[in-house]
Every structure is written in structure tokens, then in C-alpha cells.
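The values are calculated or read from the model by the stated rules, or taken from the named source; none is laboratory data. Fair warning: this is a prediction, and the values are worked out from it, not measured in the lab. Every residue, glycine as well, gets a Cβ built from its backbone with ideal geometry; the counts of neighbours run over all protein chains shown.
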Amino acid sequence: MDLKPNDASVEKWDNVIGEDAGVFSFNIKEIWRYRDLMGMFVKKDIITYYKQTILGPIWFVLQPVLTTLMFVVVFGNIAKISTNGIPPVLFYLSSLTLWNYFADTFNLTSKTFIDNAPIFGKVYFPRMVLPISKLISGLIKFLVQFALFLIVWVYFIATRDSIHPNMYILYFPLIIIMVAAISLGMGIIVTSLTTKYRDLTFLVTFGIQLLMYATPVIYPISIASPRKQFWLWLNPLTSLFELFKYGFLGNGVVSYGWLLYTVVFSLVLLVFGFIIFGKVEKKFIDTV
């Protein structure tokens, strides 16, 4: 006797993998069920970072220190770029702390499909688990570097009169959320496109370097002409970096209009990233 679709004896599956999902198929509950796997990926990222190195996790702190010193020499002493009265060490360290989180997260999430194709081809789990795990592991590294920044920050507050923290420091959680959203959105869009256009993988590193110079990392936006400032504000990261430096250092430009632009931009970018990622993850194994 044939079984009807609603027959009680028909086996019901907990998960059905197919291409009939809607346009926006991001399933938060499913990702939450795989939180243990996500935790494993985060632990793996942290351990792999300093595995087989002499200094180990000290590199988390040493990297921004060395980069900051290089910036002080190159951009401060040689190029003579103004920091608006802020000690160069503190100015560059504050910018690099935030920039490293964005750049590392974007760089790692942009390689999700290419680097993990063998795993994706063998076992099923929500593919979004991997980019989110990169976001979390990057946040852990950021907190370590941020702790270093706070130590230097407190020292300069105690020894200099040019540092003036203010209430805008309360925007810190929003800044981190927005930086995370932009880096994740850009990363999953790029990794989705690289399944067909491998050239993008070679352009990511170069693109990040260019974007750093279009973001007020090595300079305050106030030293640019009004016309150049407009183009710099179009970069959604600009308002976040300026707000971060204004809150902690008391020196920067705060614009609620451009901050609103950044929030809207990041949300649209993130939604678009989820959509294109959801479409590609169902078919990417045939093209990678």
C-alpha cells in the first residue's frame, strides 16, 4: 500500500538540506544548535595563531606595539603628519587597535569558502558558523590588544594634559558592533564571489591596505580639506574611528549624521551579505 505524505508512518527529518529556502535563509536557531562547533573553531583559531612560535600568545601584544613604533617613525618623524596634539604613540595605537580587528576579521571571513572547501564537501553544518567564529576569535584578539591600549592610555592620562576622555566613550560597544558588522558583511560577500572569481582573493590584501589610507588611521580627519573630508566620510569606518578617538582621547570629529549613515550602511551590507552567502553556500561545492 502506498504511503500518503501525511501518513503517520512517514519518517520525519529534523533537518532537510535543499535549495528551496527563501531569499533570506539565515537561521539563527540552527546556528545556535551548533554553538559547540563554533566554540571549537574559535579555540582552533586562537591556538593556531601562536602554534609553533617562540613567543606564543605574546604576538597578540607585540604585533600592534611594533606596528605603532613603525608608524611613529615613518608617519610621525619622517612624514611629519600631525596628530593634533595627541602623543603619536597613543594616537597610532588607538587607531591600530580598532583597525586590526576590522582587517583581520575581513581578511579571514573573505576566505571562508576557499579555505574550508574540503570540510564543506564532507559534512553538513551551517556554513555561517565559520565566519561568525572568525568574528568571535578576532574579538578575543581585539580585547587583548585593547587591554594594552588601556594601559598606555591610562599612563598618558596621568602624565599628559592633552588627553581628555569624555562621555562619548559610552559609544564604545556600538563602535565594536558596527566594525564587526561591516567586516563580516564585506567578508561574506567577498568569499561568496570568490567561488567564481578567484582573482578577488589576490585583491583582498591590496584592497585592505588601500582602505586603511582612506580611513583616518594614520591621520586625524580634521587635517584634510573640507572637500577631501566629504569623500573620507563616505567611508563608513571613518565615523567609527573618529568617534572612538574622540571618546577616548578627546580629539576627533563626531558627526551624528555620518554615524547614522554608517549604521544604515552596515545593516544593509550585512543583510545583503547574508542573502548572497545563503545562495552561494548551496552550490559552491560545484564551483570551488
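What number of residues within the range 230-251 are more than 20 Å from LYS80 (Cβ to Cβ), in contact with a helix residue (DSSP H, G or I) (Cβ under 7 Å, 6 or more places away or on another chain) and either part of a loop (DSSP other than H, G, I, E, B) or polar (S, T, N, Q) (or both)? Summing the residues that are more than 20 Å from LYS80 (Cβ to Cβ), in contact with a helix residue (DSSP H, G or I) (Cβ under 7 Å, 6 or more places away or on another chain) and either part of a loop (DSSP other than H, G, I, E, B) or polar (S, T, N, Q) (or both) in the range 230-251 gives 2.
Looking only at the range 258-277, residues that are over 27 Å from VAL154 (Cβ atoms), touching a Phe, Trp or Tyr at 6+ places or on another chain (Cβ under 9 Å) and free of Cβ contacts under 8 Å to residues at least 40 places away in the same chain come to 2 in all.
Go through the range 177-223 and give me each residue that's small (Gly, Ala, Ser) and under 21 Å from LEU98 (Cα atoms). Residues satisfying the conditions are ALA180, ALA181, SER183, GLY185, GLY187, GLY207, ALA214, SER222. Within the range 95-128, restricting attention to residues that are aromatic (Phe, Trp, Tyr) and more than 13 Å from GLY187 (Cβ to Cβ), the residue that is modelled with the highest pLDDT is TRP99. Of the residues making up the range 222-246, those that are at pLDDT 95 or above and not hydrophobic (A, V, I, L, M, F, W, C) are ASN235, PRO236, THR238, SER239, GLU242, LYS245, TYR246. Among residues belonging to the range 195-221 that are modelled with pLDDT of 90 or more and part of a helix (DSSP H, G or I), point out the one that is surrounded by the most Cβ atoms within 10 Å (Cβ to Cβ). The extreme case among them is ILE221. For the range 129-138, the count of residues that are free of Cβ contacts under 8 Å to residues at least 12 places away in the same chain and either surrounded by fewer than 21 Cβ atoms within 10 Å (Cβ to Cβ) or among the hydrophobic types (A, V, I, L, M, F, W, C) (or both) is zero.
Let's see how each residue does on (1) part of a helix (DSSP H, G or I); (2) under 18 Å from the mean Cα position of the chain (by Cα); (3) touching a residue at least 60 places away in the same chain (Cβ under 8 Å):
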{"site": "PHE142", "(1), (2), (3)": "yes, yes, no"}
{"site": "TRP153", "(1), (2), (3)": "yes, no, yes"}
{"site": "SER162", "(1), (2), (3)": "no, no, yes"}
{"site": "PRO165", "(1), (2), (3)": "no, no, yes"}
{"site": "ILE169", "(1), (2), (3)": "yes, no, yes"}
{"site": "PHE172", "(1), (2), (3)": "yes, yes, yes"}
{"site": "GLY185", "(1), (2), (3)": "yes, yes, yes"}
{"site": "THR191", "(1), (2), (3)": "yes, yes, yes"}
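Taken together, the residues in the range 53-107 that are small (Gly, Ala, Ser) and either in contact with a Gly (Cβ under 6 Å, 6 or more places away or on another chain) or part of a helix (DSSP H, G or I) (or both) amount to 5.
When ILE54 is tested against (1) modelled with pLDDT under 75; (2) surrounded by 14 or more Cβ atoms within 10 Å (Cβ to Cβ), exactly one condition is not met: (2).
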